[in-house]
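A.B. asks: Please read through the structure below; I'll follow up with questions.
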Amino acid sequence: MSTLLPPPGEIAKIPVDWVEERSGLVSFGKFMLFRNVPKDISWLQTLGSALLTVFILQVTTGILLAMYYQPDPDTAWTTIKFITDDATLGWLVRGMHKWGSSVMVVLLFLHMGRTFLFGAYKYPREMTWITGAIIFIMVMGMSFTGYLLVFDERAYWATIVGVNINGTAPILGPALSWILMVGPQISTHTLSRFYALHMLVIPSLLGGLIFVHMLLVVRLGVTSPPWSRMQVTEGDV
Amino acid sequence: MPRLTARERRESYQREYAFQKKHGKSFFPNAVFHDTIVSLIVVALIMGMAILWHAQFGSVPGEAEAGRIGGLLGPAYEAKADPGVLAYDPRPEWYFFFLFELLRLFKEPALLIVGSVIIPTIWMVLLIGWPFIDRNPDRRLSRRPIALALGVMVPIVLLTLTFYGSKAPGAGGAVSTEPGAAAFANGPCSTCHTLANAGTAGNVGPVLDEAKPDYETALNLITNGKGGMPAFKGQYTADQISCLAGYVATWSGATGTTPGPSAPSAKATYPASCEAAGGDFAGVAAAGG
Ligand code: HEM
């Protein structure tokens, strides 16, 4: 009877082949892993993937925080306190989310500096830079909307100041302040609005843009450093 | 070397890159290995900061309602937000310090929008449009003097602004937590008056640290206005005006935490009047309403 069964190695391949035949995911994965990159890429070119890691970390810790957090002026601060002081390892989740945002901003500046100095925004990677620049502005928006959520004294006043800065813009400014705060002052609605922006609107746009950014990076390939000595020799290519 | 047309240049780049790729190395395991190491270091750094942060405020005894503050890396959380608290020194997250400092540089009411809107907008347009602005096809820094100069200058300017922003008093300028200070610093007063205790540096009206008005003078001026000084009768309640007058009289000409010379006359109503002025005072003033 046992002779009817294929050898173990073949058994393992059955589900893999099944998936491949129906989706092409396996060959896609192989393409992703085994595509070539220039020989002399440098450590500076790991900053983008580090950013991706931090983004995933922020999403994960953010989801965990959302399981306890309530965006209501009466309970927001109390739930933050609960997460920090009482929930098992809550301080670690919140701490990593909080410090992750700072680290992300630093990495953004470094990654931007690296692509700038490498001239990596030049043909054909202009769109990679542009998506990156919009990502950068959105990350700043994440941090602005996230700051209020703790709803302690610092959060409250910093947000008033931030909203007032918007308010100084001519014509649109006061309207923008009003829209952000949902009225003339920070209220229940302000908190819900910031929460919706912080955990739904901006992250989904950001996720989409990061996806496009990655797609471009894979399609165009990463640059080799400007000091690269690799030269096209006659008869090559 | 003959000058290449833009199209030839693009094609030549494509050729060069195809060559580099052909003679390159596989993404896995080479680049993946480096990426993994750096990602692990970054995650470890974030965890380390969270642990350090927790360890430090963890030693603060459980005065929980007042928040858990202290520690190198800042508080776990401060006291619950209370619009009724008149004095707070608002600070943004550190990576907004450069914007914050920019605003302080353009504090004059007429110039405010330069710092708050014009410069940030120009900066964002430059950032997004940069690939179209820099048309120099060369990638070597030695052939990109302008880009190199910018690449050095921008970080220096940002770091300098961040440094001074971190040292700056709070947004409205309130350095002190005296009753009335926040209302003064976040309200219209700050744009026109210099008052050290509130950390404001307006220069439309008199420097209050030099004028050292007594309570009655201040009350009268704030209520009825005079010359360039607007009347605030319709804008603030009597208690709020009394609070501001008391604050100004007590703390103008003050050195550190020692009240100024006209303090005695202010004693009767201040700081009780600030409490009576009630919750929304600073909030409304700060919101510019
Ligand atoms: C969450 C934010 C971001 C993520 C996850 C991300 C991720 C990446 C990754 C993984 C790469 C490939 C290799 C590397 O250089 O590390 C890359 C390349 C690139 N990124 Fe980003 N990036 C982000 C933000 C930005 C920003 C803010 C800019 C600039 C304004 C930018 C511009 C570029 C450019 C021009 C490249 C091409 C580099 C080359 O081919 O050498 N990125 N990005």
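A.B. asks: Among the residues of segment A:84-106 satisfying the criterion of being farther than 14 Å from residue A:58 by Cα and in a helix (DSSP H, G or I), which is nearest to the ligand (Cβ to nearest atom)? Show your work before the answer.
C.D. replies: Keep residues of segment A:84-106 that are farther than 14 Å from residue A:58 by Cα, which gives A:84-91, A:106.
Filter again for in a helix (DSSP H, G or I), leaving A:84-85, A:90-91, A:106.
Details: A:84: 26, A:85: 31, A:90: 26, A:91: 25, A:106: 12 Å.
Checked segment A:84-106; the qualifying residue nearest to the ligand (Cβ to nearest atom) is A:106.
A.B. asks: Output the residues belonging to segment B:10-47 that are more than 8 Å from chain A (Cβ to nearest Cβ) and either surrounded by 13 or more Cβ atoms within 10 Å (Cβ to Cβ) or in contact with a Gly (Cβ under 8 Å, 6 or more places away or on another chain) (or both).
C.D. replies: Residues satisfying the conditions are B:12, B:36.
A.B. asks: Residue check, residue A:50 against (1) buried (at least 21 other Cβ atoms within 10 Å of the Cβ); (2) modelled with pLDDT under 95; (3) within 16 Å of the ligand (Cβ to nearest atom), all met but one. Which one?
C.D. replies: Every listed condition holds for residue A:50 apart from (2).
A.B. asks: Give me the pairs, please: first residue somewhere in segment A:131-160 and under 22 Å from residue B:76 (Cβ atoms) and modelled with pLDDT of 90 or more, second residue anywhere and in a helix (DSSP H, G or I) and within 15 Å of the ligand (Cβ to nearest atom), beta-carbon distance under 6 Å, and either six or more positions apart or on two chains.
C.D. replies: What qualifies is A:142/A:202; A:143/A:101.
A.B. asks: Go through (1) surrounded by fewer than 19 Cβ atoms within 10 Å (Cβ to Cβ); (2) of a type in the set (Phe, Trp, Tyr); (3) within 9 Å of the ligand (Cβ to nearest atom) and name the single condition residue A:178 misses.
C.D. replies: (3)
A.B. asks: Moving on. Take the residues of segment A:202-228 that are surrounded by fewer than 16 Cβ atoms within 10 Å (Cβ to Cβ) and within 17 Å of residue A:146 (Cα to Cα): which is farthest from the ligand (Cβ to nearest atom)?
C.D. replies: The extreme case among them is A:204.
A.B. asks: Here's something else I'd like to know. Starting from residues that are among the hydrophobic types (A, V, I, L, M, F, W, C) and closer than 16 Å to residue B:120 by Cβ, keep the ones in segment A:110-152 and report whichever is farthest from the other protein chains (Cβ to nearest Cβ).
C.D. replies: So, considering only residues that are among the hydrophobic types (A, V, I, L, M, F, W, C) and closer than 16 Å to residue B:120 by Cβ, the one farthest from the other protein chains (Cβ to nearest Cβ) is A:138.
A.B. asks: I would also like to ask the following. Restrict the check to segment B:56-75 and report whether at least one residue is within 7 Å of chain A (Cβ to nearest Cβ), touching a helix residue (DSSP H, G or I) at 6+ places or on another chain (Cβ under 8 Å) and modelled with pLDDT under 90. Talk me through it step by step, then tell me what you get.
C.D. replies: Taking segment B:56-75 and keeping what is within 7 Å of chain A (Cβ to nearest Cβ), we get B:64, B:67.
Pick out the ones that are also touching a helix residue (DSSP H, G or I) at 6+ places or on another chain (Cβ under 8 Å) and you get B:64, B:67.
Retained after the next criterion (residues that are modelled with pLDDT under 90): B:64, B:67.
Scanning segment B:56-75, I find at least one residue that is within 7 Å of chain A (Cβ to nearest Cβ), touching a helix residue (DSSP H, G or I) at 6+ places or on another chain (Cβ under 8 Å) and modelled with pLDDT under 90, so the answer is yes.
A.B. asks: Just to be sure, is residue A:38 closer than 30 Å to residue A:153 by Cβ and touching a Phe, Trp or Tyr at 6+ places or on another chain (Cβ under 9 Å)?
C.D. replies: No, not satisfied.
A.B. asks: A follow-up question, please. Checking residue B:110 against (1) farther than 22 Å from residue B:10 by Cβ; (2) more than 8 Å from every other protein chain (Cβ to nearest Cβ); (3) in a helix (DSSP H, G or I), only one condition comes out false. Which one?
C.D. replies: Result: residue B:110 fails condition (3) only.
A.B. asks: Of the conditions (1) at the interface with chain B (Cβ under 8 Å from one of its Cβ atoms); (2) in a helix (DSSP H, G or I), residue A:39 clears all except one; give me its number.
C.D. replies: Status for residue A:39: all satisfied but (2).
A.B. asks: Shifting gears a bit: Might you let me know whether segment A:73-82 holds any residue that is within 30 Å of residue B:39 (Cα to Cα), surrounded by 16 or more Cβ atoms within 10 Å (Cβ to Cβ), of a type in the set (A, V, I, L, M, F, W, C) and at pLDDT 95 or above?
C.D. replies: No, segment A:73-82 has no match at all.
A.B. asks: Does residue A:58 satisfy being within 11 Å of another protein chain (Cβ to nearest Cβ), buried (at least 21 other Cβ atoms within 10 Å of the Cβ), within 13 Å of the chain's Cα centre (by Cα) and not hydrophobic (A, V, I, L, M, F, W, C)?
C.D. replies: yes
A.B. asks: How many residues, within segment A:53-74, are within 22 Å of residue A:201 (Cβ to Cβ) and within 16 Å of the ligand (Cβ to nearest atom)? Spell out how you get there, then give the answer.
C.D. replies: As a first pass, look at segment A:53-74 and keep what is within 22 Å of residue A:201 (Cβ to Cβ): A:54-73.
Of the ones still in play, those that are also within 16 Å of the ligand (Cβ to nearest atom) are A:54-62.
Count: 9.
A.B. asks: Now, a different point. Find all pairs meeting these conditions: Cβ atoms under 6 angstrom apart; at least six residues apart or on different chains; first residue within segment B:211-240 and not assigned by TED's automatic domain parsing to the domain that holds residue B:195; second residue surrounded by 14 or more Cβ atoms within 10 Å (Cβ to Cβ).
C.D. replies: Pairs that qualify, where the first residue is not assigned by TED's automatic domain parsing to the domain that holds residue B:195 and the partner is surrounded by 14 or more Cβ atoms within 10 Å (Cβ to Cβ): there are none.
A.B. asks: Considering only segment B:194-283, give the helices (runs of 4 or more DSSP H) lying wholly within it that have at least 3 residues that are at pLDDT below 75 and surrounded by 14 or more Cβ atoms within 10 Å (Cβ to Cβ).
C.D. replies: In segment B:194-283, the matching helices (runs of 4 or more DSSP H) lie at B:263-266.
A.B. asks: Next up: Could you tell me whether residue A:77 is within 8 Å of chain B (Cβ to nearest Cβ) and away from the ligand (no atom under 16 Å from the Cβ)?
C.D. replies: So residue A:77 fits the description; yes.
A.B. asks: Quick one: how many residues across segment B:122-141 are over 17 Å from residue A:121 (Cα atoms) and modelled with pLDDT under 90?
C.D. replies: 0
A.B. asks: Here's a follow-up. Among (1) more than 18 Å from residue A:199 (Cα to Cα); (2) away from the ligand (no atom under 16 Å from the Cβ); (3) loosely packed, with under 15 Cβ neighbours inside 10 Å, which single condition is residue A:43 missing?
C.D. replies: (2)
The values are calculated or read from the model by the stated rules, or taken from the named source; none is laboratory data. Please read all numbers here as calculations on a predicted model, not as lab measurements. Note: ideal-geometry Cβ built from the backbone for every residue, glycine included; neighbour counts use all protein chains shown.
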